[in-house]
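The values are calculated or read from the model by the stated rules, or taken from the named source; none is laboratory data. The structure presented is a predicted model; accordingly, all values stated were derived computationally and were not measured. Counting neighbours? That spans all protein chains shown, and the Cβs are built from the backbone with ideal geometry, glycine included. What goes into the accessible areas is simple: the full protein's heavy atoms, side chains included, and nothing from ligands, DNA or RNA. Shrake-Rupley method; radii C 1.70, N 1.55, O 1.52, S 1.80 Å.
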Amino acid sequence: MTLTRLTGDVHWLSHCEADGERHLHLSEYLLSGSEGYVLVDSGSTRFREAIVEEVNEVTDGAGPDVVVLAHQVLPHKENLPAFEEEWGEFDVVTAVPRLGGLDLIADVPGFTDIIGVSGARGTVLNRPRELAGRTITCMRPFLTDVTVSQWIFDHDARVLFTAEAFGHYHAPGDCTATSTDLPGGIDPDHVADFYRDKLTFLDQLNLDRMRTAFEMLLDRLDPRYVAPIHGTPVAAADLDGYVDDVIAGMDVSGPAAGAPR
Amino acid sequence: MGGEAPDVEGVDTSHWDSFEGERHQNQSAYVLEDEQSLVFDTLSPASTDGALELVDRALDGGDLDYVVISHPEGNHAGNAFALLEAHPDATLLVPERGAGHGSGFGAEHELFHLASAPESTEGIGSRIEYVAPGDELDLGRFRVEFVPATYADHAFSVWMVERTTNTFFPVDWLGFHHQNSDCTRFADEFDRPVTVRDLRQFHSNVLPWLQFADPDVVDERVDAVIEARDPDRIAPAHGTVIRERPVEFMEMFKRAARDISEGGAPEAVREQIDATFPPGSADGDVDEPTGSDGDEVTGGDESVSDEAEADP
């Protein structure tokens, strides 16, 4: 069983891919609202059957009313067509490229087909919205790889969902553990390895500014959890130390792997 | 390379990529054809028929030997399998590993359905080969080399250079929007020349981390690319081909990146947070905004002055 109740109305669907002694989370989160269910990310097709089974268990077979994509690329979006076959129509809320004041999904015919998320509606970034009876703000991430990404803050549960940011690997056996379940906390090496694999630009970041931005945001949100798609949910009590590990992990030295040769 | 880009069958290209009504953004792939042939990137899956037609027209009846995807994003890799189906003898070349600072995650190719299976005699996997910086292909008149991607959004990325024409293919880097009158022109032929502002607008969106970049380090990295590549032409995925003064575009990027990095200053970040999450708003008791939908609170390009800047 990979279904974990994170808070009273937030379930964590934990799935992961193994690379030897390192595992990578590809999680989804299911939020119960007064008017239905919100699924954060659709997940990889490699875990489709398990995801469907777990969503059915929580929703009593009804499926999600809204799917909010943290990323608009593989593997985050690739179960959408199968989910529609399984449960019928639902809303898809996805990050779209930011081009001045232009609402690409509303104003550009066929744009959702072009980005491969047919029928999606775009996120109104940085404003609270009611989704299935929950108050949710999607924000432009402070840290991401691809631009078609968003951080998702659920005001009701005070959980911040992220994708690449705040991610990390984990050890075999820790696949369903949150940060509070790990006696020694999240392994800083798993944090550093993840960032160094996933983000190409670490050597060009101003990490002091990055840290300040993280701290200001977390201070304002005071989240109960930061819940990444690619990592273990981090509880509030562990966040200060975790941010330290994230900043330390992003601090690369020596010649950049991406530098011309 | 280059040349006229006809309408894409089945896709209303007059609208899909417009910006502020009069500005467009390229989605480009490039075909190199001589004794052997190669297509670099595959365009969006929303324009499969058009992409296949364009590749066929560029090949003029010839065979396609290599389909290269710079990175596994839909608008770059979305027609890879359709091209392989249309060209059964073609080999798919994908980045071998991430362009980041680590060793890479071993199952990444599986997650993107790009796992190579050289021991197999059938299936897509048998037609996938990995390429890494330093790998070269001799196509006859053209010689391509894959090089590290210094500015990539996706970790699994690779850039390419073509030695005979000294053309540099930087994928998502050095893109820019253009007026709708300039869609099939080279950058030096534009009615409205490319400016620093254009590069700033494009890259603040495509490389959002530049908000938190150290501009002095960016300068160093760009200078290293200039020294290593020193191209005669630049062929980006999201801009038209740059034939004149290509290094000046890279210099303009340095200025654009410096501007974008102002958005990461603590006072600018504080402004973003205050606007998105006013004090006391993080709990569930918040009001939905009554303003117009689609407004964004932004840093990056909107946080700096908007005046047009000098041509390259």
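The rows are residues; the columns are (1) open to solvent by 10 Å² or more (accessible area, probe 1.4 Å); (2) within 13 Å of another protein chain (Cβ to nearest Cβ); (3) in contact with a Lys or Arg (Cβ under 8 Å, 6 or more places away or on another chain).
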{"position": "A:Y29", "(1), (2), (3)": "no, no, no"}
{"position": "A:E35", "(1), (2), (3)": "yes, no, no"}
{"position": "A:G43", "(1), (2), (3)": "no, yes, no"}
{"position": "A:F47", "(1), (2), (3)": "yes, yes, no"}
{"position": "A:E53", "(1), (2), (3)": "yes, no, no"}
{"position": "A:G61", "(1), (2), (3)": "yes, no, no"}
{"position": "A:Q72", "(1), (2), (3)": "yes, yes, no"}
_Could you check the stretch A:141-167 and list, in sequence order, the residues that are within 12 Å of chain B (Cβ to nearest Cβ) and at positive phi?_
A:R158
_Could you list, ordered by first residue, the pairs with Cβ atoms under 9 Å in which the first is in the stretch B:150-177 and away from chain A (no Cβ under 11 Å) and surrounded by fewer than 24 Cβ atoms within 10 Å (Cβ to Cβ) and the second is at pLDDT 95 or above and in a strand (DSSP E or B), at least 6 apart or interchain?_
B:R163/B:E136; B:R163/B:R143; B:R163/B:V144; B:R163/B:E145; B:T164/B:R143; B:T165/B:R233; B:N166/B:R233
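For the stretch B:112-129: of the residues being surrounded by fewer than 16 Cβ atoms within 10 Å (Cβ to Cβ) and out of contact with any helix residue (DSSP H, G or I) (no Cβ under 6 Å at 6 or more places or on another chain), which is nearest to A:D203 (Cα to Cα)?
It comes out as B:E129.
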*Checklist (1) part of a loop (DSSP other than H, G, I, E, B); (2) among the charged types (D, E, K, R); (3) facing chain B (nearest Cβ under 10 Å) applied to A:D174, failing item*: (3)
*Give A:F194, A:F161 a once-over and let me know the one that is not in a helix (DSSP H, G or I) and not basic (K, R).*
A:F161
_Conditions (1) free of Cβ contacts under 8 Å to residues at least 24 places away in the same chain; (2) in contact with a Phe, Trp or Tyr (Cβ under 8 Å, 6 or more places away or on another chain); (3) open to solvent by 30 Å² or more (accessible area, probe 1.4 Å): number failed by A:D193_ = (1)
_Exactly one of these conditions fails for B:R243: (1) in contact with a Gly (Cβ under 9 Å, 6 or more places away or on another chain); (2) buried (at least 17 other Cβ atoms within 10 Å of the Cβ). Give me its number._
(2)
*Members of the stretch A:211-230 that are surrounded by fewer than 20 Cβ atoms within 10 Å (Cβ to Cβ), outside any loop (DSSP other than H, G, I, E, B) and not hydroxyl-bearing (S, T, Y)*: A:R211, A:E215, A:M216, A:L218, A:D219, A:R220
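State whether the residues of the stretch B:210-228 include one that is closer than 18 Å to B:S70 by Cβ, surrounded by fewer than 20 Cβ atoms within 10 Å (Cβ to Cβ), facing chain A (nearest Cβ under 9 Å) and out of contact with any His (no Cβ under 6 Å at 6 or more places or on another chain).
yes
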*Looking at (1) without any contact (Cβ under 8 Å) to a residue 60 or more places away in the chain; (2) within 13 Å of another protein chain (Cβ to nearest Cβ); (3) under 21 Å from B:P266 (Cα atoms), which is the one condition that is false for A:M210?*
(1)
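Yes or no: A:L24 open to solvent by less than 10 Å² (accessible area, probe 1.4 Å), closer than 20 Å to B:H113 by Cβ and part of a strand (DSSP E or B)?
yes
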*Among the residues of the stretch B:27-48, count how many are in contact with a helix residue (DSSP H, G or I) (Cβ under 7 Å, 6 or more places away or on another chain) and within 14 Å of another protein chain (Cβ to nearest Cβ).*
7
*Can you name the residue in the stretch B:258-281 that is more than 17 Å from A:M139 (Cα to Cα) and buried (at least 18 other Cβ atoms within 10 Å of the Cβ) and, of all such residues, is farthest from the other protein chains (Cβ to nearest Cβ)?*
B:D259
*Do we find a residue being more than 10 Å from chain A (Cβ to nearest Cβ), under 16 Å from the mean Cα position of the chain (by Cα) and surrounded by 24 or more Cβ atoms within 10 Å (Cβ to Cβ) anywhere in the stretch B:81-94?*
no
_Unmet requirement for A:F83, which otherwise passes all of (1) at pLDDT 90 or above; (2) within 14 Å of another protein chain (Cβ to nearest Cβ)_ = (2)
*Which of (1) open to solvent by less than 10 Å² (accessible area, probe 1.4 Å); (2) farther than 25 Å from A:I152 by Cβ is the odd one out, the single condition A:D208 does not satisfy?*
(1)
*From the residues in the stretch A:1-21 that are among the aliphatic types (A, V, I, L, M) and open to solvent by 10 Å² or more (accessible area, probe 1.4 Å), which one is farthest from A:A165 (Cα to Cα)?*
A:M1
*Among the residues of the stretch A:231-244, write down those that are under 23 Å from A:L31 (Cα atoms) and surrounded by fewer than 24 Cβ atoms within 10 Å (Cβ to Cβ).*
A:A235, A:A236, A:A237, A:D238, A:L239
_All positions within the stretch B:223-242 that are in contact (Cβ under 8 Å) with a residue 60 or more places away in the chain and assigned to a helix (DSSP H, G or I)_ = B:A224, B:V225, B:A228, B:R229
